[in-house]
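Shown next, in structure tokens, is the structure this report addresses.
The values are calculated or read from the model by the stated rules, or taken from the named source; none is laboratory data. All of these numbers come straight from a predicted model, not from anything done at the bench. Because the Cβ atoms are built from the backbone with ideal geometry, glycine has one as well, and the counts that use them run over all protein chains shown.
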Amino acid sequence: MPIEHRDNRLHLPVPAGTIAGQDVIFTISYHGAPGNGLRLLNNIHGDRTAFSENWYNRARQWLPMIDHPADKATGELIVTTRADYQVVSNGVIVEQLDLPGGLRRTHWKQDVPISSWLYSLGVARFIVRQGGIVRGVPFSYWAFPQDADKGLTALEKDARGSFEFFSDRVGPYAYGKLAHVEAAGMSGGTEHVSNIFYGEKGVTVGNAAVVHETAHQWFGDAVTESDWNDVWLSEGFATYFTLLYTEYAGGRDAFVDGLRRSRDAVLRLEKSLPNTPVVHANFDEAATQPNNRLVYEKGAWTLHMLRDLIGGEPFWRGIRLYYQRHMNGVASTADLRRAMEEVSGQDLRWFFAQWLTRSGVPQVSGTWRYDSAARQIVMTVRQTQAGDLFRFSLGVGVSAVSGSVPAVHQVQMTGRESTFSIPTDAEPAAVVLDPGVWLLAELGSFQKA
């Protein structure tokens, strides 16, 4: 049939007599050199490879599809290569067949619908280590032979532990296998469904963001943002759930250290990216790409403060409810809010609007004194940032003696300046703000008056 290829769109005529709601199947045959979405290139060791990199709008450069995160679809990749190459892709392997002439055909099938950019293809000479079965899911690790020692160790580190943690805390894994793969031509990691790619320069020296990318299998992959405005539902979640795994596996101190680093990053980013909310307003993919570091760090901190606001147990129930409702589908920030409101019984519209749809963070400072006659601490706390006020709960730590673990008292800030009193029998050795590291704020001077 006649077709039109215009403005990066393939326009297909609908057959006569088609009615609304009716399925129409098209078979599209095409050939040629792939665009930037699929790269044929040498890896860092000089060996010829091919790797896809679809983020965030490049799948269309080699696959005919509706290239939008909301359009989830199943798919299969059948690839013929020279027999000395291995092919890895999404889903489960259907067939690997040696053909005449030194060729090999490999067939992968993705039978759970996924978003366009999460499709992937890697072709290289790999060393492949089978990782056994974890919660019913086969694991494997794929590295270039020259990187076997450090690379496979990096890919295996925390892979099983984080997978078990997310399975237990969030819900069942959605896919038929999980491969951790060293990839050429990219940096960092990319959370392709069941087939995570890690940049070769990191893997070759023993570094791979395994926990972050594994978290994405639940958030970003199984539950995908319905459009790019809500990309924080992917990156903010993966960032915070990496910290949650750190809390589980490494302890509270390691968790708090990560929170402090993340908070410091947000404070820097608020200066370098002014007027940039976490949730995009009418994102224009032609003008920019959806990710910035605020999406990661401030998105993660929003989840952390939400956990504090509604409580740990309701937070986890809300996470499981959100995942259950939207697994293998798409979701919005409003969907997350509704799940958290349902489990907490709170109206959270103000919280989500304050931390996600406006820029900035509160700047907090103040003074305190001890009133011996009234046997109480009297403190004045101020919000000193320009612009609108924030509403937040502030932990105040009171240490009876120097170096002791502070007793934490919560006060509610809604105005520009508020005065609070805390009963105590003796003058404390120290009074500090946010000792538990639960508030995203720029904490200024808080001295004894």
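Under the condition of being more than 29 Å from Q146 (Cα to Cα) and under 12 Å from the mean Cα position of the chain (by Cα), the residues counted in region 170-221 number 4. One residue alone among E200, E270, E285, E235 is among the charged types (D, E, K, R), within 30 Å of F126 (Cβ to Cβ), in contact (Cβ under 8 Å) with a residue 60 or more places away in the chain and not assigned by TED's automatic domain parsing to the domain that holds D71, and that residue is E235.
Annotation note: of G444, G395, the sole residue that is modelled with pLDDT of 95 or more, closer than 21 Å to L309 by Cβ and assigned to a strand (DSSP E or B) is G395. Between R338, R382, the distinction of being touching a helix residue (DSSP H, G or I) at 6+ places or on another chain (Cβ under 9 Å) and among the charged types (D, E, K, R) belongs to R338 only. The residues of region 249-282 that are touching a Ser or Thr at 6+ places or on another chain (Cβ under 9 Å) and part of a helix (DSSP H, G or I), listed by number, are A249, A254, F255, D257, G258, S262, L269, E270. Among the residues of region 40-50, some residue qualifies, meaning at least one is in contact with a strand residue (DSSP E or B) (Cβ under 9 Å, 6 or more places away or on another chain), of a type in the set (K, R) and under 22 Å from V203 (Cβ atoms).
Could you look through region 395-408, keep only residues that are surrounded by fewer than 17 Cβ atoms within 10 Å (Cβ to Cβ) and of a type outside the set (A, V, I, L, M, F, W, C), and pick out the one that is nearest to A374 (Cα to Cα)? Per the stated criteria, the residue is S399.
Among the residues of region 197-245, the one identified as assigned to a helix (DSSP H, G or I), among the hydroxyl-bearing types (S, T, Y), in contact with a Gly (Cβ under 9 Å, 6 or more places away or on another chain) and over 21 Å from N292 (Cβ atoms) is Y245.
Could you check region 1-59 and list, in sequence order, the residues that are of a type in the set (D, E) and in contact with a Ser or Thr (Cβ under 8 Å, 6 or more places away or on another chain)?
Once the filter is applied, which keeps residues that are of a type in the set (D, E) and in contact with a Ser or Thr (Cβ under 8 Å, 6 or more places away or on another chain), region 1-59 yields only E53.
Taken together, the residues in region 134-158 that are among the aliphatic types (A, V, I, L, M), within 30 Å of Q324 (Cβ to Cβ) and touching a Gly at 6+ places or on another chain (Cβ under 7 Å) amount to 0. V94 meets the conditions (1) over 14 Å from T106 (Cα atoms); (2) without any contact (Cβ under 8 Å) to a residue 24 or more places away in the chain in every case but one. The failed one is (1).
Counting the residues of region 73-109 that are crowded, with 20+ Cβ neighbours inside 10 Å and in contact with a helix residue (DSSP H, G or I) (Cβ under 9 Å, 6 or more places away or on another chain) gives 1. Listed by first and then second residue, the pairs with beta-carbon distance under 6 Å, at least 6 apart or on different chains, first residue in region 179-190 and in contact (Cβ under 8 Å) with a residue 40 or more places away in the chain, second assigned to a loop (DSSP other than H, G, I, E, B) and of a type outside the set (F, W, Y), are A184/N43; M186/E53. Would you confirm whether any residue within region 301-310 is among the aromatic types (F, W, Y) and under 27 Å from T190 (Cβ atoms)? Yes: one or more hits.
Which of the residues that make up region 73-91 are assigned to a strand (DSSP E or B), farther than 12 Å from R105 by Cβ and not polar (S, T, N, Q)? A73, G75, E76, V88, listed by residue number.
Might you let me know whether region 191-200 holds any residue that is touching a helix residue (DSSP H, G or I) at 6+ places or on another chain (Cβ under 8 Å), hydrophobic (A, V, I, L, M, F, W, C) and closer than 22 Å to A59 by Cα?
For region 191-200, residues touching a helix residue (DSSP H, G or I) at 6+ places or on another chain (Cβ under 8 Å), hydrophobic (A, V, I, L, M, F, W, C) and closer than 22 Å to A59 by Cα: present.
I want to confirm something. Restricting to region 27-72 and keeping residues that are of a type in the set (G, A, S) and outside any loop (DSSP other than H, G, I, E, B), which single residue is surrounded by the fewest Cβ atoms within 10 Å (Cβ to Cβ)? The residue in question is A50.
Please specify each residue of region 142-157 satisfying the condition of being under 23 Å from D84 (Cβ atoms), touching a residue at least 12 places away in the same chain (Cβ under 8 Å) and in a helix (DSSP H, G or I).
P145, Q146, D147, A148, G151, L152, L155
Condition (residue is more than 19 Å from Q383 (Cα to Cα), part of a strand (DSSP E or B) and among the polar types (S, T, N, Q)) applied to region 411-427: is it met by at least one residue? No, the conditions are met nowhere in region 411-427.
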